[in-house]
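**Student:** The structure's right below; bear with me while I get my questions together.
The values are calculated or read from the model by the stated rules, or taken from the named source; none is laboratory data. On a predicted model such as this, the values are computed, not experimentally measured, just so you know. Every residue, glycine as well, gets a Cβ built from its backbone with ideal geometry; the counts of neighbours run over all protein chains shown. These area figures cover heavy atoms from the full protein model, side chains too; ligands, DNA and RNA do not enter into them. Shrake-Rupley method; radii C 1.70, N 1.55, O 1.52, S 1.80 Å.
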Amino acid sequence: MTRTSPWWTDGDETIALVSEDGERIPHPELDTMITDLTIDDLRGLYRDMAVVRRIDTEATALQRQGELGLWAPLLGQEAAQVGSARALRTDDFVFSSYREHAVAHLRGAKPVELLRMCRGTAHSGWDPLEIRMAPMQIIIGAQTLHAVGYGMGIRNQESDDVAVTYFGDGATSQGSVSEAMVFAASFNLPVLFFCQNNQYAISEPVGLQSRAPLAQRALGFGIPAIRIDGNDVLAALAATRFALAHIREHGAPVFIEAITYRMGPHTTSDDPSRYRPEQELEDWRTRDPLLRLERLLAAADESTGLRDLADSESDEIARVLREECLALSDPDPEEIFAHVYSTEHRVIDRQRSFLSAYLGMFEEEGS
Ligand SMILES: Cc1ncc(C[n+]2csc(CCOP(=O)(O)OP(=O)(O)O)c2C)c(N)n1
């Protein structure tokens, strides 16, 4: 049976617009969100996913070679991120965690800018105001509060921008995420809560974190929710467009739960073989987001050269990325104080003088 509404109600299925075999599944309301998509657009979505996967693989390799301190791979989550990010307007503002490399890239961050923080050469790899995306947040769930604060600003300015926050399944156990949802619901704020349920919070499976579906949590706060197959880029794009239109029209929050799977480790410091069965990963490999879109295009006889083109473009991007990453220069150590306060501050001044004197000792030793 085809569901007519995208809104999740208890017991409903997860919405997919493309099956695992690449067949188009009709949906009366969400289909209306993507009537403009041409074959070239679909090929473009494939290209986006292939490029970010390649950037991610290169970054993982760079970390393994000691060139980055840490990396949190997005492998497996390309569709959720590319589909949702492609639905945003440039004037919306994103507040994400440390895994949304595809979102940052599609907002305009250059590949090397995705790596700068992990190489320890910058507090934020990109200019947050330029691409309208805050620096990646490491404190789990804190970015949802930042989005709510920003949403309040949007409402006060009577603009129809949306604050979009990305977080994981584990983050929904954080008090700050509950507080963010209470505030967003009570004040009718234009915030999109985009939860990538990638099944794990490091080694903790989602079933242990939440006995109820995550989408249900939003309903408990009075926030309408949509639950989608997050490995289906069309579902991610259509649902995000639908949610954004709703938020702009009603000035009230929406929650999307995108069911996906983290195919890599939590970060390069993690060994997932210690807590997840190999067969589980194998099962999810058959639901690979790139494979699914490729199958859809193949069914329409439009997949010729798709992989080769994406691969050659991605390889070149990865080559330049590596070159630019290795060429990143160390910042002036005193820059660490630059953005603590927007005005002069005597505690910071004292710390800056201390560091300067300390560094001066090495200069004397060296001379
Ligand atoms: C407030 C806080 N508590 C704990 C941590 C340690 N930590 C880092 S990642 C992580 C798991 C997050 O899982 P999830 O929200 O599902 O996101 P994912 O990493 O799977 O994308 C934890 C507990 C942290 N960074 N911040």
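**Student:** Here are the criteria: (1) charged (D, E, K, R); (2) surrounded by fewer than 21 Cβ atoms within 10 Å (Cβ to Cβ); (3) in contact (Cβ under 8 Å) with a residue 40 or more places away in the chain. Tell me which single one Arg53 does not satisfy.
**Tutor:** (2)
**Student:** Also: Is there a residue in the stretch 39-52 that is under 25 Å from Ala104 (Cα atoms) and in a loop (DSSP other than H, G, I, E, B)?
**Tutor:** Checking the stretch 39-52: not a single residue is under 25 Å from Ala104 (Cα atoms) and in a loop (DSSP other than H, G, I, E, B).
**Student:** If Phe167 meets every condition in (1) touching a strand residue (DSSP E or B) at 6+ places or on another chain (Cβ under 7 Å); (2) farther than 30 Å from Glu324 by Cα apart from one, which number is that one?
**Tutor:** Unmet condition: (2).
**Student:** Mind checking whether some residue in the stretch 226-239 is over 19 Å from the mean Cα position of the chain (by Cα) and either within 22 Å of Gly149 (Cβ to Cβ) or within 15 Å of the ligand (Cβ to nearest atom) (or both)? Lay out the reasoning, then the answer.
**Tutor:** Going through the stretch 226-239, the residues over 19 Å from the mean Cα position of the chain (by Cα) turn out to be none.
For the stretch 226-239, residues over 19 Å from the mean Cα position of the chain (by Cα) and either within 22 Å of Gly149 (Cβ to Cβ) or within 15 Å of the ligand (Cβ to nearest atom) (or both): absent.
**Student:** All but one of (1) in a helix (DSSP H, G or I); (2) of a type in the set (A, V, I, L, M); (3) away from the ligand (no atom under 15 Å from the Cβ) hold for Leu208; state the number of the condition that does not hold.
**Tutor:** If we test Leu208 against (1) in a helix (DSSP H, G or I); (2) of a type in the set (A, V, I, L, M); (3) away from the ligand (no atom under 15 Å from the Cβ), just (3) comes out false.
**Student:** Filter the stretch 97-113 for residues that are among the charged types (D, E, K, R), away from the ligand (no atom under 16 Å from the Cβ) and closer than 21 Å to His146 by Cα and give the result.
**Tutor:** Within the stretch 97-113, the first condition is being among the charged types (D, E, K, R), and the residues that meet it are 99-100, 107, 110, 113.
Now narrow it down to the ones that are away from the ligand (no atom under 16 Å from the Cβ): 107, 110, 113.
Within the stretch 97-113, just Arg107 meets the criteria.
**Student:** Something else: Cβ-Cβ under 8 Å, sequence separation 6+ or interchain: first residue in the stretch 349-360 and over 12 Å from Glu335 (Cα atoms), partner open to solvent by 50 Å² or more (accessible area, probe 1.4 Å). Which pairs?
**Tutor:** Within 8 Å, the pairs are Leu359/Pro333.
**Student:** Something else now. Suppose we filter the stretch 326-342 for residues that are open to solvent by 100 Å² or more (accessible area, probe 1.4 Å) and either among the hydroxyl-bearing types (Ser, Thr, Tyr) or assigned to a helix (DSSP H, G or I) (or both); how many remain?
**Tutor:** Taking the stretch 326-342 and keeping what is open to solvent by 100 Å² or more (accessible area, probe 1.4 Å), we get 330, 339, 341-342.
Next, from what is left, pick out any that are either among the hydroxyl-bearing types (Ser, Thr, Tyr) or assigned to a helix (DSSP H, G or I) (or both): 341-342.
Residues meeting the conditions: 2.
**Student:** Do we find that Ser176 is closer than 18 Å to Ala243 by Cα, hydroxyl-bearing (Ser, Thr, Tyr), within 16 Å of the ligand (Cβ to nearest atom) and outside any strand (DSSP E or B) in this structure?
**Tutor:** On the way: closer than 18 Å to Ala243 by Cα: no; hydroxyl-bearing (Ser, Thr, Tyr): yes; within 16 Å of the ligand (Cβ to nearest atom): yes; outside any strand (DSSP E or B): yes.
Judged against the criteria, Ser176 is not a match.
Residue-wise test of (1) surrounded by 19 or more Cβ atoms within 10 Å (Cβ to Cβ); (2) basic (Lys, Arg).
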| position | (1), (2) |
| --- | --- |
| Thr4 | no, no |
| Thr9 | no, no |
| Leu17 | yes, no |
| Pro28 | no, no |
| Leu45 | yes, no |
| Pro73 | yes, no |
| Arg86 | yes, yes |
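**Student:** Scan the stretch 146-173 residue by residue and report those that are assigned to a helix (DSSP H, G or I) and farther than 17 Å from Met133 by Cα.
**Tutor:** Restricting attention to the stretch 146-173, the residues satisfying the condition of being assigned to a helix (DSSP H, G or I) are 146-156, 170-173.
Once the filter is applied, which keeps residues that are assigned to a helix (DSSP H, G or I) and farther than 17 Å from Met133 by Cα, the stretch 146-173 yields Arg155, Asn156, Gly170, Ala171, Thr172, Ser173.
**Student:** Continuing with the same structure: Could you give every pair whose Cβ atoms fall below 6 Å, whose first residue belongs to the stretch 145-171 and is open to solvent by 50 Å² or more (accessible area, probe 1.4 Å), and whose second residue is within 16 Å of the ligand (Cβ to nearest atom), counting only separations of at least 6 or pairs across chains?
**Tutor:** Qualifying pairs under 6 Å: Leu145/Ser176; Leu145/Ala180; His146/Phe95.
Conditions tested, residue by residue: (1) open to solvent by 30 Å² or more (accessible area, probe 1.4 Å); (2) at pLDDT below 95; (3) over 15 Å from Gln199 (Cβ atoms).
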position	(1), (2), (3)
Ala236	no, no, yes
Ala239	no, no, yes
Gly264	no, no, no
Asp271	yes, no, yes
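**Student:** With the requirement that a residue be within 12 Å of the ligand (Cβ to nearest atom), open to solvent by less than 20 Å² (accessible area, probe 1.4 Å) and within 14 Å of the chain's Cα centre (by Cα), what does the stretch 121-144 give you? Talk me through it step by step, then tell me what you get.
**Tutor:** Keep residues of the stretch 121-144 that are within 12 Å of the ligand (Cβ to nearest atom), which gives 136-144.
Still in the list and also open to solvent by less than 20 Å² (accessible area, probe 1.4 Å): 141-144.
If the condition is that a residue be within 12 Å of the ligand (Cβ to nearest atom), open to solvent by less than 20 Å² (accessible area, probe 1.4 Å) and within 14 Å of the chain's Cα centre (by Cα), then Gly141, Gln143, Thr144 are the ones that fit.
Table: residues versus (1) among the small types (Gly, Ala, Ser); (2) under 22 Å from the mean Cα position of the chain (by Cα); (3) under 30 Å from Leu45 (Cα atoms).
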| site | (1), (2), (3) |
| --- | --- |
| Tyr261 | no, yes, yes |
| Glu302 | no, no, yes |
| Phe337 | no, no, no |
| Thr343 | no, no, no |
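**Student:** How many residues are of a type outside the set (Lys, Arg) and within 13 Å of the ligand (Cβ to nearest atom) if we restrict to the stretch 242-267? First the steps, then the outcome.
**Tutor:** As a first pass, look at the stretch 242-267 and keep what is of a type outside the set (Lys, Arg): 242-247, 249-261, 263-267.
Those left that are additionally within 13 Å of the ligand (Cβ to nearest atom): 257-261, 263-267.
Going through the stretch 242-267 one residue at a time, the tally reaches 10.
**Student:** Can you say whether Ala215 is more than 16 Å from the chain's Cα centre (by Cα), closer than 30 Å to Asp21 by Cα and either more than 16 Å from the ligand (Cβ to nearest atom) or modelled with pLDDT under 95 (or both), as far as the supplied structure shows?
**Tutor:** Details: more than 16 Å from the chain's Cα centre (by Cα): yes; closer than 30 Å to Asp21 by Cα: yes; either more than 16 Å from the ligand (Cβ to nearest atom) or modelled with pLDDT under 95 (or both): no.
Judged against the criteria, Ala215 is not a match.
**Student:** From the list Arg307, Arg292, Arg319, which one is of a type outside the set (A, V, I, L, M), surrounded by 11 or more Cβ atoms within 10 Å (Cβ to Cβ) and under 23 Å from the mean Cα position of the chain (by Cα)?
**Tutor:** After applying the criteria, what remains is Arg292.
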